[in-house]
Amino acid sequence: MPANKPKGRLVLNHSTHVEGLIPVLEELATYAGIQTITPGALAKVRSRPSNLRLRISVPIRGGFKLQARKGTTVQEVFVITNLDRPEFEQAFQTALAKRG
């Protein structure tokens, strides 16, 4: 459930991010149960130009890995949370709807 102040911590340790990603992650960080969100390094992929797409990639120890794509750029995002998959998917979809 969203709170008035962020519950989780958004780690911004890279100078560049996939365009439009940070507002979605800031919204996701407001949900109880989200502890830390860490975007990884940017990479180039072969694909057609496209809008921002976010998806839950795989579960990791203590959370989930997301994949953000926009055009030919991809970025992994690591989310540490104590939410189970259905609860996390609900928070993720709500954050996307609000900021995506």
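The values are calculated or read from the model by the stated rules, or taken from the named source; none is laboratory data. Given the structure is predicted, the values throughout are model-derived calculations rather than measurements. Using ideal geometry, Cβ is built from the backbone for each residue, glycine included, and neighbour counts are taken over all protein chains shown. Ligands, DNA and RNA are excluded from the accessible area calculation, which covers all protein heavy atoms including side chains. Shrake-Rupley method; radii C 1.70, N 1.55, O 1.52, S 1.80 Å.
Overview of values
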read-out	value
Net charge over other residues, Cβ less than 13 angstrom from the Cβ of Ile80 (K, R count +1; D, E count -1)	+4
Rounded percent of accessible protein surface that carbon and sulfur make up, region 26-100, 1.4 Å probe	49
Note, ³J(HN,Hα) from phi for region 15-20, Karplus 6.51, -1.76, 1.60, rounded to Hz, x at Gly and Pro	7, 10, 9, 4, 4, x
Three-way shape label, region 57-100, alpha-carbon gyration tensor, a/c 1.5	oblate
Integer Hz, Karplus 6.51/-1.76/1.60 couplings in order for region 39-44, x for Gly and Pro	x, x, 6, 7, 9, 9
Of (1) 36, 27, 25; (2) 37, 35, 17; (3) 56, 36, 20, the label for Cα extents along the principal axes in Å derived from the coordinates	(1)
Helix 85-99 vs. the chain, principal-axis angle (Cα, 0 to 90°, nearest 10)	60
Residue-normalised accessible area of the chain, expressed per residue, 1.4 Å probe, Å²	60
Arg99-Lys65 pseudo-label distance in nm [points 7 Å out on the Cα-to-Cβ vector]	2.2
Residues Val58 and Leu12, FRET efficiency given R0 of 30 Å [Cβ-Cβ distance, rounded to 0.05]	0.85
For region 21-27, 3J(HN,Hα) per residue [Karplus equation, 6.51 cos²θ - 1.76 cosθ + 1.60, θ = phi - 60°, Hz, x = Gly/Pro]	6, 4, x, 5, 5, 4, 5
